[in-house]
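Quick notes on the structure that follows.
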Amino acid sequence: MMETALISRRYLLEAEQIAQRLPDFFQRRHLKPFFSNLFLFQDLGMTILIAALDTARIGDHTQYIQQDLIHQLKTDLGGRPVYLSNSTGIRYVILLSALPKLPRSIELPAELPRDKFALGVRFSGEQILLPWNKLGHLLVVGMTGSGKSSLLRSLALQAIHSGIKLALADIDQTTFAMLEGHENLFAPIATTPEAALDLILKALAECDARAALYKSMPGYPEAIDEYNAAAIKAGGETLPRILVILDESSAVLKSMGGGSGELAGKLAELGWRGRKFGIHFIFGAQEFTKELVGAVREQVNLAIAFRVKPTSAQMAKAIGCANAQRIPANRPGFAIVDRFGPLQSYFVPKALLLPAEIQPREALNELEQNLFSRALATDNGGLSLNRITEWGEVSQRQARKLQETWALRGWVAKDASNGNSFCLTAKARELCANGQGVQTRTNPVQAVQTR
């Protein structure tokens, strides 16, 4: 049975012809032509036919997954691309339409949600946006010139714009040199393996400090979002997230004892402890081995592979990014992500990382400007939920969300001299007085169009 949606007649006819040819193809090779189903659908701009083998009827399926057979099937079908999927059963994936193409370069959009980070764009034109609180830990691999360093800089830039602290290790001093001395650094940039270990130890010490804060907070929070919500309610200070980025981490790990060394052990500890305290890490390297990464790999929940060496094909497959070795050398920024497949990552010009250009994004929108100005004129900056609801013409739920967001940014805080109600801080008063707050360089959004 073939399942179809709104697919053109041309592809319907091609699919029917292929369905009729498949049994003969297998019979000529003395293989049982038993299929449980045929699926025809469109996804990511492609029209795809999937032929699922009935593994219960064919028995031993060793011959069905040989690469020679896949190549012969491709030839028999007139050169159409044919791929094998054998993760849950055996399926032949036959591409009827032309492969869509990604643009060769896409600049990071100027305006992104403060609570999310952007990776890039898929074949369909879909932008991959993920919440910072779901970041976990990342593995980024790729040869020199493949786009790996640009992605690391992109994530660092987005972290700064979101008010996240950075802990950076840059042994070659080529990826993050322009961020030296930046106010968002959690610690000085580590430029030696020993300094990288010290950086991780400092992050672990921060876990200890935050654990004590969690314990002292009413309600015993178990995650940073819970803690910050309780801190806002109590009128206390919130905790920023911390992003730890280790570039060329394989070389660093190798020089510090490999997968069984102290650095690997401390990284693994930071992996399982850090997330609850809002501390995330990103590994960047040209290649990884199981011996080097050790227990750290178990803590990674998103893997991104740019072009790797042919000898690293098995490594790419092991992290869920098979065929990264086939990415052309002339496609920097093109990557395979274990959760999303192929995408073009965002390009960040180095000029955007100059200190004057990457201050945290602290600008009031029109609603905030109006509310803050009215609060200052009415009651010296008092902003209760009722006032936000009435003046902003929003629901109580929306008002509470706005108040929590402003508290996280340090724009409002509880004032004991004003009945312990929320009032504008000096930071918010300055932004309001400036009209638009701190100006940041705007980077025109390049239209995302497949070519």
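The values are calculated or read from the model by the stated rules, or taken from the named source; none is laboratory data. Keep in mind that this is a model prediction, so the values were computed, not measured. Positions of Cβ are backbone-derived with ideal geometry, glycine not excepted, and every protein chain shown enters the neighbour counts.
Structure above, values below:
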item	result
Failed condition for residue 111, given (1) at pLDDT 90 or above; (2) charged (D, E, K, R); (3) over 30 Å from residue 323 (Cα atoms)	(1)
Positions within the stretch 13-59 being more than 30 Å from residue 101 (Cβ to Cβ), under 40 Å from the mean Cα position of the chain (by Cα) and not hydrophobic (A, V, I, L, M, F, W, C), in sequence order	36, 37, 54, 55
Selection status of residue 84, among the aliphatic types (A, V, I, L, M) and surrounded by 11 or more Cβ atoms within 10 Å (Cβ to Cβ)	yes
Sole residue being touching a Lys or Arg at 6+ places or on another chain (Cβ under 9 Å) and either within 16 Å of residue 90 (Cα to Cα) or crowded, with 16+ Cβ neighbours inside 10 Å (or both), chosen from 67, 63, 72	63
Matching residues, the stretch 123-136, being surrounded by fewer than 22 Cβ atoms within 10 Å (Cβ to Cβ) and either touching a strand residue (DSSP E or B) at 6+ places or on another chain (Cβ under 6 Å) or not basic (Lys, Arg) (or both)	123, 124, 125, 126, 127, 128, 129, 130, 131, 132, 133, 136
Total residues in the stretch 184-193, condition in contact (Cβ under 8 Å) with a residue 60 or more places away in the chain and either surrounded by fewer than 18 Cβ atoms within 10 Å (Cβ to Cβ) or under 18 Å from residue 160 (Cα atoms) (or both)	1
Residue count, the stretch 91-122 (criterion: basic (Lys, Arg) and surrounded by 15 or more Cβ atoms within 10 Å (Cβ to Cβ))	4
Selected residue (only one of 162, 149 is of a type in the set (S, T, N, Q) and touching a Ser or Thr at 6+ places or on another chain (Cβ under 8 Å))	149
Residues satisfying the stated conditions in the stretch 377-387, i.e. in contact with a strand residue (DSSP E or B) (Cβ under 9 Å, 6 or more places away or on another chain), buried (at least 18 other Cβ atoms within 10 Å of the Cβ) and not small (Gly, Ala, Ser)	383
Selection from the stretch 95-126 of residues that are in a loop (DSSP other than H, G, I, E, B), among the charged types (D, E, K, R) and over 17 Å from residue 340 (Cα atoms)	104, 111, 114, 115
